[in-house]
1. Which residue out of A:Leu39, A:Leu54 is free of Cβ contacts under 8 Å to residues at least 40 places away in the same chain and in contact with a Leu (Cβ under 9 Å, 6 or more places away or on another chain)?
2. If you scan region B:1-21, which residues turn out to be within 9 Å of another protein chain (Cβ to nearest Cβ) and outside any helix (DSSP H, G or I)?
3. Looking only at region B:31-55, which residues are more than 8 Å from DNA strand D (Cβ to nearest atom) and either open to solvent by 60 Å² or more (accessible area, probe 1.4 Å) or on the phi > 0 side of the Ramachandran plot (or both)?
4. What residue, among those in region B:3-21 that are in contact (Cβ under 8 Å) with a residue 40 or more places away in the chain and among the hydrophobic types (A, V, I, L, M, F, W, C), is farthest from DNA strand D (Cβ to nearest atom)?
5. Could you check region B:56-84 and list, in sequence order, the residues that are open to solvent by 70 Å² or more (accessible area, probe 1.4 Å) and farther than 26 Å from B:Gly132 by Cβ?
6. Tell me which residues, restricted to region B:65-90, are β-branched (Val, Ile, Thr), more than 15 Å from DNA strand C (Cβ to nearest atom) and in contact with a strand residue (DSSP E or B) (Cβ under 8 Å, 6 or more places away or on another chain).
7. What's the number of the condition B:Arg24 fails, among (1) more than 14 Å from chain A (Cβ to nearest Cβ); (2) exposed (fewer than 15 other Cβ atoms within 10 Å of the Cβ); (3) free of Cβ contacts under 8 Å to residues at least 40 places away in the same chain; (4) more than 17 Å from the chain's Cα centre (by Cα)?
Number of protein chains: 2
Amino acid sequence: MKLTTRGRYAVTAMLDLAINGGKRPVSLADISGRQEISLSYLEQLFAKLRREELVTSARGPGGGYRLARSGAEIFVAEIIDAVDESVDVTNCQGKGNCHHGETCLTHHLWEDLSGQIHDFLSQISLGDLMEGRGRRGSTQQSDGVLQTLSLR
Amino acid sequence: MKLTTRGRYAVTAMLDLAINGGKRPVSLADISGRQEISLSYLEQLFAKLRREELVTSARGPGGGYRLARSGAEIFVAEIIDAVDESVDVTNCQGKGNCHHGETCLTHHLWEDLSGQIHDFLSQISLGDLMEGRGRRGSTQQSDGVLQTLSLR
DNA sequence: CTTATTCTTGACTAAAATAGTCGGGAATAA
DNA sequence: TTATTCCCGACTATTTTAGTCAAGAATAAG
């Protein structure tokens, strides 16, 4: 799991789509204007989002993109995965041929953490973000665990 | 909050330090050998980690680095913050001068999400990772919320 | 039917970040 | 005294990110 500016752009654009996408599709030109992301760059991102079936497209005048599902059913992790292909983090590529020393251990630990971040982002949908369910915990509870819990 | 390979290197190196750092400090040459990260690159990372007081250093033969606190008291978010200075994600830089349209809204939503990821990583310590507390939830519970909860 | 709009695709380029190199130093334990 | 290790700054190569450009296909609207 990576978390780069590209992933941010993709999530931002998808949020824009969730907010502004009613009956009519939303053109990339609109998103480009609102979010100040270059049109051609958006085209690249949406090509990937479409391949992963997170959005559907309609050509011609009045065309554009729609969410393929409702915002409540599209999760942040999916969006990031779609545009940011993940990388191998281990030197042994999971072949287990580096079982001498601590190398594998730390890599394994990082993989675990990475998996946790992924799980975490798999629980937050565009709908959650729009409904402001994000920050609820921080005003209600100071306890760390409950703060995390109250996310959804 | 960003999550790049640099942050991964830093967390990996700190994990190595937590694992291999007993009474004697650990030299960067050792970490470099085990984790296959170039020595000079590690030097750059540890300069930042030291500035943020996450590690202490000792020069001379037998010298190296130690964790400044116990692994249970050093959290992943701190490590990443130390080496990956965060960037502005809003176009209005929080000055509120973009209150026309949806621009600010999506940026605000992204900031929220970013904050949540940060909070999440602020709850995971090096000690947690080493004790394998990371994956415990995934074998115990299939429920998403409890899986997140059982992290700590 | 024609046209403007919009997606679609691929190749290319500029800019920025990342990762690594190099060389010289200062501290210090052995 | 010397080898080891941290410390620091400047430099460079590589990769990634972000953006540009051009040509083309689909299609709604006039």
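The values are calculated or read from the model by the stated rules, or taken from the named source; none is laboratory data. None of these values were measured; they are calculated from a predicted model. A quick note on method: Cβ atoms are made from the backbone with ideal geometry, for glycine too, and the neighbour counts reach across all protein chains shown. Note: areas computed on protein heavy atoms with side chains; ligands, DNA, RNA excluded. Shrake-Rupley method; radii C 1.70, N 1.55, O 1.52, S 1.80 Å.
1. On the way: A:Leu54 fails: free of Cβ contacts under 8 Å to residues at least 40 places away in the same chain.
Every option except A:Leu39 fails the conditions.
2. The answer is B:Met1, B:Lys2, B:Leu3, B:Thr4.
3. B:Glu36, B:Ser38, B:Tyr41, B:Glu52, B:Glu53
4. The residue in question is B:Val11.
5. Looking only at region B:56-84, we keep the residues that are open to solvent by 70 Å² or more (accessible area, probe 1.4 Å), and these are B:59, B:61, B:66, B:69, B:73.
Listed by number, the residues that qualify are B:Arg59, B:Pro61.
6. If we filter region B:65-90 for residues that are β-branched (Val, Ile, Thr), which is where we start, we get B:74, B:76, B:79-80, B:83, B:87, B:89-90.
Now drop any that are not more than 15 Å from DNA strand C (Cβ to nearest atom), which leaves B:74, B:76, B:90.
Within region B:65-90, B:Ile74, B:Val76 meet the criteria.
7. With respect to (1) more than 14 Å from chain A (Cβ to nearest Cβ); (2) exposed (fewer than 15 other Cβ atoms within 10 Å of the Cβ); (3) free of Cβ contacts under 8 Å to residues at least 40 places away in the same chain; (4) more than 17 Å from the chain's Cα centre (by Cα), B:Arg24 is out only on (3).
Conditions tested, residue by residue: (1) within 10 Å of DNA strand C (Cβ to nearest atom); (2) modelled with pLDDT under 85.
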{"residue": "A:Ile31", "(1), (2)": "yes, no"}
{"residue": "A:Leu54", "(1), (2)": "no, no"}
{"residue": "A:Gly60", "(1), (2)": "yes, no"}
{"residue": "A:Gly63", "(1), (2)": "yes, no"}
{"residue": "A:Glu102", "(1), (2)": "no, yes"}
{"residue": "A:His108", "(1), (2)": "no, no"}
